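Trainee: Sharing a structure here in structure tokens format.
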Amino acid sequence: AWYVPCLASLETLQELCRKENLRCKSIGITNRSLKSYEVEYLCDYKLEEGTEYYLVKWKGWPESSNTWEPQKNLKCPLLLQNFLSDKDEYLSRMGEVKPLKVRNHFRALKPAVTDYIVKKAKQRIALKRWKEELNRKKNHKAMILVENTVDLEGPPLDFYYINEYKPAPGINVINGITTGCECTDCPAEKCCPKEAGFILAYNKRKKLKIQPGLPIYECNSFCRCGPDCPNRIVQKGTPYSLCIFRTNNGRGWGVKTLQEIKTNSFVMEYVGEVITSEEAERRGQLYDNQGNTYLFDLDYDSDEFTVDAARYGNVSHFVNHSCDPNLQVFNVFIDNLDLRLPRIALFSTRTIKAGEELTFDYQMKGSLDLTSDSADGLSPSKKRIRTVCKCGAVCCRGYLN
């Protein structure tokens, strides 16, 4: 199904809810806000006859209901702190030191300052709601945080969080597997990987032990082993708390880890819409014009299908490219043994410190010796306008594709 974002502003929706006496927690209309006034954010400041006033946006009320209130009546220290911090940040960026100017008989902030403060307050609220939405939809225990200290960009308007592949009509990502291993001790017996002709991918510490290019066969829903089986790693989801953050060098959003990640650890899956390569070629032309790269060819066995994470995806949608990445791509098979449709897992190539950005090579297809020339020959979706790389690595190839 395709979703259409609501075109009505938050203020319009709030006003409509109040008029009809409706409650909607997601836009701040609750029983409490219908009966009382709560400060949502502060819009402006003035000093009049020795008294400090703030223009208040009330939670659940449209901007037309904003009122000037003396500071002594406000019981919102955090919002006051945010207001002053945003004001100082703007003035610092503009190189100004005099925030107030005289208007008739009182002093007030310049319109440009208050405009920035209001936009920053709205952004802060929007990012908080987005963070809550992401954490509601995720199916793993680790937290997802959102941070933007760089600009006024808010949540993407046309992105929908999913936890697994979203197949296009006519594509089946579950092949109806009905059998599993009978192991009581998966590492020691003839488990799923051995049945497929490969070795177990993980060691006793549940870290990856195979080389890039080899597939991972995990135990499936029909296997006798339980949830603590050492051959169930990717299927449990992201084990680390991650932060989607705004980069300061023009690369848009990025992802950093909030916890240290040891070498050869599973970090996240790359999910999105599963489409045909023909459809990927059509979409690729559009994405190139926009300067975006979200297509991931499922070329483990053939180049019949592609994952498109542009509109539907998880945290991996925001992971940036690097020519010297700290994540490596592996093909994974669990409840679907169709070699044309592997799941894509990202594992750490080294120890990653808390706070460090996560990256993978957009040309990386599970092989260490893949060059840019060979990548161009893998699928039609790679033969398009080249996108300049901004990864900043010493070994940067200059282009993302």
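The values are calculated or read from the model by the stated rules, or taken from the named source; none is laboratory data. The structure displayed is predicted, hence computed values, not measured ones. Please note: Cβ atoms are built from the backbone with ideal geometry, for glycine as well, and neighbour counts cover all protein chains shown. Heads up: the accessible areas ignore ligands, DNA and RNA and are worked out on the full protein's heavy atoms, side chains in. Shrake-Rupley method; radii C 1.70, N 1.55, O 1.52, S 1.80 Å.
Trainee: Take the Cβ-Cβ distance between Thr184 and Thr276 as r, set R0 to 35 Å, and report the resulting FRET efficiency rounded to the nearest 0.05.
Mentor: 0.25
Trainee: Of the accessible area of region 156-202, with the probe set at 1.4 angstrom, what percent is carbon plus sulfur?
Mentor: 55
Trainee: Here's something else I'd like to know. Please compute the modelled spin-label separation between Asp338 and Asn175, points set 7 Å along Cα→Cβ, answer in nm with one decimal.
Mentor: A separation of 0.9 nm, rounded to one decimal place.
Trainee: To continue, here is another question. If you add up the charges near Cys225, with Lys and Arg at +1 and Asp and Glu at -1, over every other residue whose beta carbon is less than 10 angstrom from its beta carbon, what do you get?
Mentor: Once positives and negatives cancel, what remains is -2.
Trainee: Additional query: Report the calculated FRET efficiency for Lys46 and Asp158 (r = Cβ-Cβ distance, R0 = 45 Å), to the nearest 0.05.
Mentor: My answer for the efficiency is 0.70.
Trainee: Moving on. Counting only C-alpha contacts under 8 Å and six or more residues apart, can you give the relative contact order of the chain as a whole percent?
Mentor: Relative contact order here is 13 percent.
Trainee: Only Cα pairs within less than 10 Å get springs; with that Gaussian network setup on the chain, which residue of Ile27, Ile352, Ile216 has the largest fluctuation?
Mentor: Ile27
Trainee: Something else: Using amide H atoms built 1.01 Å from N in the peptide plane, name the residues 5+ places from Glu40, or on other chains, whose amide H lies under 5 Å from its own.
Mentor: Lys57, Trp58, Lys59
Trainee: When you have a sec, figure out the Kirkwood radius of region 129-209 from all distinct Cα pair distances and drop it here in Å to one decimal?
Mentor: By the Kirkwood definition, the hydrodynamic radius is 17.5 Å.
Trainee: Here's another thing I want to ask about it. Report, in whole Å, the centroid distance computed from the Cα atoms of region 117-153 and region 252-318.
Mentor: 21
Trainee: What does the charge count around Val150 come to, taking other residues whose C-beta lies under 15 Å from its C-beta (Lys +1, Arg +1, Asp -1, Glu -1)?
Mentor: So the environment of Val150 carries a net charge of +2.
Trainee: What shape does region 238-366 take by its C-alpha gyration tensor, where a ≥ b ≥ c are the square roots of the eigenvalues and a/c under 1.5 counts as rounded, a/b above b/c as prolate, and the rest as oblate?
Mentor: Oblate, since a/c reaches 1.5 and b/c is not below a/b.
Trainee: At most 12 other C-beta atoms within 10 Å and a DSSP loop state: those are the exposed chymotrypsin sites (Phe, Trp or Tyr not before Pro) I care about. Give me the longest piece of the chain that has none.
Mentor: 4-221
Trainee: Can you list the HN-Hα couplings for region 133-146, worked out from phi with the Karplus curve (6.51, -1.76, 1.60; θ = phi - 60°), rounded to whole Hz and with x for Gly and Pro?
Mentor: With coefficients 6.51, -1.76 and 1.60, one gets 5, 4, 6, 6, 8, 5, 10, 10, 7, 5, 8, 10, 10, 10 Hz.
Trainee: Okay, next question. Please quote Rg/Rh for region 11-126 to two decimal places, taking the Kirkwood radius as Rh and restricting both calculations to Cα atoms.
Mentor: Looking at region 11-126, the ratio lands at 1.01.
Trainee: Next up: Would you please classify the overall shape of region 143-360 from the alpha carbon gyration tensor, given that a ≥ b ≥ c denote the square roots of the eigenvalues, rounded means a/c under 1.5, and beyond that prolate means a/b larger than b/c while oblate covers the rest?
Mentor: Here region 143-360 falls in the oblate category.
Trainee: A further question on this structure: So what are the ³J(HN,Hα) numbers for region 176-191, from phi and the Karplus equation (6.51, -1.76, 1.60; θ = phi - 60°), rounded to whole Hz, Gly and Pro as x?
Mentor: Coupling constants for region 176-191: x, 4, 10, 10, x, 6, 10, 5, 9, 9, 4, x, 9, 10, 7, 8 Hz.
Trainee: Right, next: Taking a probe of 1.4 Å, how large is the accessible area per residue of the chain, in Å²?
Mentor: 51
Trainee: Continuing with this model, one more query. Work out the charge dipole of the chain with +1 on the Cβ of Lys and Arg and -1 on the Cβ of Asp and Glu about the Cα centre, then indicate which of Ala345, Thr30, Ile144 is farthest towards its positive end.
Mentor: The listed residue farthest towards the positive side: Thr30.
Trainee: With +1 on the Cβ of every Lys and Arg and -1 on the Cβ of every Asp and Glu, and nothing else charged, how large is the dipole of region 11-126 about its Cα centre, in debye rounded to the nearest 20?
Mentor: Computed charge dipole of region 11-126: roughly 200 debye.
Trainee: Can you list residues whose amide H is under 5 Å from Ile29's amide H, if they're 5+ apart or on another chain and H is modeled 1.01 Å from N?
Mentor: Amide H neighbours of Ile29: Cys24.
Trainee: May I pose another question? To the nearest 20 debye, what charge dipole does region 143-360 have about its Cα centre, counting +1 at the Cβ of each Lys and Arg and -1 at the Cβ of each Asp and Glu?
Mentor: The dipole magnitude comes to about 960 debye.
Trainee: Would you kindly derive the ³J(HN,Hα) couplings of region 389-394 from the backbone phi angles with the Karplus curve 6.51 cos²θ - 1.76 cosθ + 1.60 (θ = phi - 60°), listing them in order in whole Hz, with x for Gly and Pro?
Mentor: With coefficients 6.51, -1.76 and 1.60, one gets 8, 10, 5, x, 5, 4 Hz.
Trainee: Once amide H atoms are placed 1.01 Å from N in the peptide plane, what residues at a sequence separation of 5 or more from Trp253, or on another chain, have their amide H within under 5 Å of its amide H?
Mentor: Here Thr247 satisfy the definition.
Trainee: Could you tell me the relative contact order of region 11-126? Use alpha-carbon pairs under 8 Å, at least six residues apart, and round to a whole percent.
Mentor: 23
Trainee: Quick one: grab the alpha carbon gyration tensor of the chain, order the square roots of its eigenvalues as a ≥ b ≥ c, and give me rounded if a/c is under 1.5, else prolate or oblate depending on whether a/b is larger than b/c.
Mentor: prolate
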